[in-house]
Each structure stands twice: as structure tokens, then as C-alpha cells.
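Notes to accompany the following structure.
The values are calculated or read from the model by the stated rules, or taken from the named source; none is laboratory data. Not measured: the values here are computed from a predicted model. Glycine also receives a Cβ, built like all others from the backbone with ideal geometry; neighbour counts cover every protein chain displayed.
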Amino acid sequence: MGQLDGKTALVTGGTSGIGLAAAKRFAAEGATVIITGRRQETLDAAVAEIGAGAVGVQGDASDPADLDRLFAGITSLDVLFANAGGGEFGTLADTTPEHLASSFDRNVKGTVFTVQKALPKLADNASVIVTGSTSATGGSPSFGAYAASKAAIRSFASTWAGELAPRGIRVNTLVPGPTETPGLAGLDPEDTASLFKQLTVNVSLGRLGRPEEVANAALFLASAQSSFMTGSELYVDGGEVGV
Ligand SMILES: NC(=O)c1ccc[n+]([C@@H]2O[C@H](COP(=O)([O-])OP(=O)(O)OC[C@H]3O[C@@H](n4cnc5c(N)ncnc54)[C@H](OP(=O)(O)O)[C@@H]3O)[C@@H](O)[C@H]2O)c1
């Protein structure tokens, strides 16, 4: 028996990194998985990699019209993993309105309207997982707009956990530390090795996380194993924050 047998799960940004690893894990546990991403070719490749009847829907999570199209094709959801997101480096001195808007559109607007538009489709007792970041805890030099956007997500999740509790819907924030994904490498494609080395400095376990390790925690939050958790933050960070 799989932990998600008979369940339908949507993973936004399910074509790469953490989202792809989670989509594969959910499918391996018996879920019918729907994934999204902006790039059609990457989406097609991910659907083939996941197998098990996975469905891909191209779209931008920060575009409400794309979200309407996505949810029009979904009847009912047991698991929503709002994972699509990312950011770029920029100090306070470098911050422009465009830089700020890009981080907040991608992470905050995308997550808010993904969860809002999913509401009519969420089954009672569904699990909603939003994606935070350890950068939201404490300062994050050169990554302020991204860190602030992830702090906003964590705040929204607490509010939504209260609003949706009467329906038995749980809302939790998954908080990855630095995890070796194409998205992380893309922050400094010229010198990824130095970036990765620098990002492990504050990780007690002395290494980056693997997407599969974050996916294991996503499965825990998606499944009945976490049935008494809502409004929680689950850190998967090798001890970056708590040690
Ligand atoms: N890796 C880390 O160290 C780390 C740490 C903490 C938190 N996180 C968070 O974890 C999540 C996944 O990150 P990752 O490292 O796995 O990144 P990734 O490898 O870049 O994957 C991101 C996924 O999201 C999709 N995506 C990005 N923006 C989107 C949008 N606006 N609409 C729809 N899909 C979108 C990407 O596909 P397309 O580009 O084709 O759209 C891709 O499928 C993000 O929210 C990130 O902020 C990551």
C-alpha cells in the first residue's frame, strides 16, 4: 500500500529540483500527480520521468489567468504542494522596483493565488504545503527580496491554517535549507562550486541537501503521517537554523 494511494496531488514547479523529486515520490506512493512549469519542453521531460499517469499543465504560477486554466481542468485535490518559486541575488543598494516585484510575484503572488484558486477543489482533509526558505529566518545578505518574500509565505500559511481548519484542511510550510538543485546552481552559473561551498558554511551537517531529502519531508506533510500538524514549519536544513 502506498501512502498516497487514490489521492490526487498538484505540485507547482514540478519539473525540476525539489518539485520534481516530490512529484516522483508522491507518484511512487500511489498518487495521481499533476505538475506545472513555464517551459513546455522541461514539462514534457518531467512528465515522462515521473510516469505513473502524471499530467503536465504548462503555466506561470504568478499569472492568475494561467491558474484559472490549470484549476479548470482539476476536479478534486487531496494534496497541493505550492512549490514554484525562486529568486535572484541583490543587495539593498541594488534593489529596483523590478527586482522586488519579480521576487514577490514569483513567490508571494504565485503562492497566494495558487492556494486561493485551489480552494473550491480541495477535498476536506486535504494537505496544503507551501514552500518557505531558511533565508526567511534571520538576515540573508544579498538575498533580501527573496528572503522577505519567503517570510511572507510563512505568515500567510499560519493564517490559512486557521481559516481552513474548519474544513479539516491542513496548511504547513516546508522550509528547505540550501538544496542542490538547478535553481540553486542558477544563482551563480559562472561559479557554482564556490556558491555551493559558501552555502554549506552554516549547515551543521556540512553539505547541501538533496532534493530527495526535501521530498521525503514533503511526503510526510502530504500524507496522513502528519495528520495532527497544521500551521507548522518543517525545517529540512541540515541544522542551518536550529543548531
Ligand atoms: N534549492 C534550494 O536551496 C532552496 C532552498 C529553500 C527554498 N527553496 C524553494 O524551493 C522551491 C523549489 O526550488 P528549486 O531549488 O527546486 O528550484 P528549481 O530547480 O529552479 O525548480 C523550480 C521549479 O519551479 C518552476 N517555476 C519557477 N517559477 C515558476 C512560475 N512562476 N510558475 C510556474 N513554475 C515555476 C520551474 O520550472 P520553469 O522554470 O519551467 O517554470 C521548476 O519546475 C522554490 O520555491 C524555492 O524558492 C529552494
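Observations on the model:
- Residue within segment 128-138 that is modelled with pLDDT under 95 and either surrounded by fewer than 16 Cβ atoms within 10 Å (Cβ to Cβ) or away from the ligand (no atom under 14 Å from the Cβ) (or both) present: yes
- Residue list for segment 162-209, restricted to those being over 20 Å from F220 (Cα atoms), within 19 Å of the chain's Cα centre (by Cα) and not hydroxyl-bearing (S, T, Y): E180, P182, G183, L184, A185, G186, L187, L208
- Filtered by the rule that a residue be touching a residue at least 40 places away in the same chain (Cβ under 8 Å) and farther than 16 Å from V214 by Cβ, segment 9-59 gives L10, A31, I34, T36, G37, G56.
- Of the residues making up segment 159-188, just one is away from the ligand (no atom under 12 Å from the Cβ) and under 26 Å from D94 (Cα atoms), namely D188.
- The set of residues in segment 1-49 being in a helix (DSSP H, G or I), buried (at least 17 other Cβ atoms within 10 Å of the Cβ) and of a type in the set (A, V, I, L, M) consists of I18, L20, A21, A22, A23, A27, A28, L43, A46, V47.
- For segment 217-237, residues that are more than 13 Å from the chain's Cα centre (by Cα), assigned to a helix (DSSP H, G or I) and either surrounded by 18 or more Cβ atoms within 10 Å (Cβ to Cβ) or of a type in the set (F, W, Y) (or both) total 2.
- Residue under evaluation V55, criteria (1) away from the ligand (no atom under 12 Å from the Cβ); (2) surrounded by 22 or more Cβ atoms within 10 Å (Cβ to Cβ), criterion not met: (2)
- Qualifying residue in segment 75-82 (condition: out of contact with any His (no Cβ under 6 Å at 6 or more places or on another chain) and free of Cβ contacts under 8 Å to residues at least 12 places away in the same chain): no
- A search for C-beta distances below 8 Å between a residue of segment 179-201 that is more than 25 Å from R39 (Cα to Cα) and any residue that is within 11 Å of the ligand (Cβ to nearest atom) and not in a helix (DSSP H, G or I), counting only pairs 6+ apart in sequence or on different chains, returns L195/L187; F196/P178; F196/E180; F196/L208; L199/P178; L199/L208; T200/P178; T200/L208.
- Which listed residue is under 20 Å from G14 (Cα atoms), in a helix (DSSP H, G or I), of a type in the set (A, V, I, L, M, F, W, C) and away from the ligand (no atom under 12 Å from the Cβ), from F113, F71, F156, F104: F71
- Remark: F81 matches the filter, which requires a residue to be aromatic (F, W, Y), assigned to a strand (DSSP E or B) and within 14 Å of the ligand (Cβ to nearest atom).
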